[in-house]
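Some notes on the structure that comes next.
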């Protein structure tokens with residue numbers, strides 16, 4: 001199963017107005033495990049970045065001047081996310097901006113049916129909150145000390161860890177790893193966690209069965225394949 005943890009940074013809050021996406025970050029999960037594959041891009045919004053937004057993510061207008069336009073990265077972005085489930089914190093915000101940008105360049109929009117909102121998950125699990133990304137990192141002892149500013153790729157990496165905790169997959173992965181780790185019997189040195197066969201091994205042939213088998217082999221013409229393995 002492939003899932004994509006996604007985050008964006010923007011110039012403001014008005015997706016349908018003149019605010020624009022300026023950064024996209026994605027982290028690929030395969031069967032709830034980060035694969036190491038990521039997608040990250042800065043985008044020139046063709047407008048000024050307000051100081052209020054800069055104070056959140058630290059991205060300036062000057063920094064973005066030589067970055068590609070959204071229409072230049074749209075196809076690469078859509079190719080990366082494919083049709084897989086998107087994991088987003090406060091998904092309506094990011095999807096609102098992404099779909100506004102996709103509409104402007106006449107690309108297919110992202111349907112909410114393929115989106116899993118971790119903010120909604122957190123609110124169901126912890127109705128008293130707080131449920132911001134920072135708060136959830138603190139709750140789960142996830143190191144977010146590098147998060148001086150918001151950043152799309154960094155936040156996606158943190159959210160991947162939060163999602164695994166919220167969904168219970170972190171503990172499941174740890175349990176699977178523990179089961180797979182050899183535990184030796186101190187007296188015999190054998191692995192006490194080794195899996196038993198679901199069916200027993202067949203019984204060794206009796207002397208009568210061995211004689212009958214050899215008599216059958218002798219009736220065969222040419223070299224029997226059985227004889228090639230007798231002394232192996």
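Among the residues of region 104-124, those identified as more than 21 Å from the chain's Cα centre (by Cα) and surrounded by 13 or more Cβ atoms within 10 Å (Cβ to Cβ) are 105, 107, 123.
Counting the residues of region 14-26 that are over 12 Å from residue 43 (Cα atoms) and in contact with a helix residue (DSSP H, G or I) (Cβ under 8 Å, 6 or more places away or on another chain) gives 4. Of all residues in region 29-47, those satisfying the criterion of being surrounded by fewer than 20 Cβ atoms within 10 Å (Cβ to Cβ), under 19 Å from the mean Cα position of the chain (by Cα), without any contact (Cβ under 8 Å) to a residue 60 or more places away in the chain and in a strand (DSSP E or B) are 30, 35, 36, 37. Of everything in region 141-157 that is touching a helix residue (DSSP H, G or I) at 6+ places or on another chain (Cβ under 7 Å) and surrounded by 14 or more Cβ atoms within 10 Å (Cβ to Cβ), the residue that is nearest to residue 4 (Cα to Cα) is 155. Of the listed requirements (1) surrounded by 12 or more Cβ atoms within 10 Å (Cβ to Cβ); (2) modelled with pLDDT of 95 or more, residue 128 misses just one: (1). Please enumerate the residues belonging to region 14-28 that are without any contact (Cβ under 8 Å) to a residue 24 or more places away in the chain and either over 19 Å from residue 71 (Cβ atoms) or under 16 Å from the mean Cα position of the chain (by Cα) (or both). Residue satisfying the conditions is 14 alone.
Considering (1) touching a residue at least 24 places away in the same chain (Cβ under 8 Å); (2) assigned to a loop (DSSP other than H, G, I, E, B), the lone condition that residue 86 does not fulfil carries the number (2). In the condition set (1) more than 20 Å from residue 155 (Cα to Cα); (2) out of contact with any strand residue (DSSP E or B) (no Cβ under 8 Å at 6 or more places or on another chain), residue 60 is compliant with all but (1).
Restricting to region 53-74, and then to whatever is over 12 Å from residue 22 (Cβ atoms) and without any contact (Cβ under 8 Å) to a residue 24 or more places away in the chain, can you tell me which residue is surrounded by the most Cβ atoms within 10 Å (Cβ to Cβ)?
By that ranking, first place goes to 72.
The values are calculated or read from the model by the stated rules, or taken from the named source; none is laboratory data. Only a predicted model underlies this, so the values are computations on that prediction, with no experimental measurement involved. We place every Cβ from the backbone using ideal geometry, glycine too, and count neighbours over all the protein chains shown.
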